[in-house]
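This report refers to the structure that appears directly beneath it.
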Amino acid sequence: MLNLKSYGIFAETVAAGSMSAAARRLGLTPSAVSQIIGNLERQTGVTLLHRSTRKLTLTEAGERCYPHCRRLLEARQAATASLEQARDAPGGELRIAAPVILLHGPAQWRPEPGRRRRLRPDLTSDTHFAVQAEPRPPPPHPQAEAQGHELA
């Protein structure tokens, strides 16, 4: 079974221009990079790179394969960036409960739904303003009043 990681290492090697440079970029040893590319070549039955002590050059098969491998790397980078954005950016529903007095306070306190939608279209919001009534004392107990007792 072919490993997509091998194709990525092949593409990184071509982009870097040498196995040593690719190994530094990938945090691997040059021999590990060489082994991975060698395994890829053995599994596919195709030579991808001409190796010499001075440089690497692509074979005809390597030239055909490289653009596809480069797109794989770009897709992986885009997927990773998308996941990082989802992790780092708030999203979902924002619920706000506030006293009604905020509606009558300074302008910067008042909600401005259109502004929130312009700044963060991915957030939905639900704002509730509540009037808080003064607490009332409980009604007197009917038996206490009938007997002339005060409840305190």
Surrounded by 11 or more Cβ atoms within 10 Å (Cβ to Cβ), out of contact with any Gly (no Cβ under 8 Å at 6 or more places or on another chain) and not in a helix (DSSP H, G or I) - does that describe any residue in the range 13-21? yes
Among the residues of the range 35-46, how many are surrounded by 16 or more Cβ atoms within 10 Å (Cβ to Cβ) and part of a loop (DSSP other than H, G, I, E, B)? 0
Restricting attention to the range 1-46, which residues are within 27 Å of the chain's Cα centre (by Cα) and basic (Lys, Arg)? LYS5, ARG24, ARG25
Restrict the check to the range 51-68 and report whether at least one residue is assigned to a strand (DSSP E or B), of a type in the set (Val, Ile, Thr) and either free of Cβ contacts under 8 Å to residues at least 60 places away in the same chain or surrounded by 11 or more Cβ atoms within 10 Å (Cβ to Cβ) (or both). yes
Looking only at residues in the range 33-46 that are without any contact (Cβ under 8 Å) to a residue 24 or more places away in the chain and in contact with a helix residue (DSSP H, G or I) (Cβ under 7 Å, 6 or more places away or on another chain), which one is farthest from ILE9 (Cα to Cα)? VAL46
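Taken together, the values in this text are just the output of simple stated rules run on the coordinates, not laboratory data. Computed from a predicted structure; not experimentally measured. Neighbour counts are summed over all protein chains in view; Cβ atoms, including those assigned to glycine, are modelled from backbone coordinates with ideal geometry.
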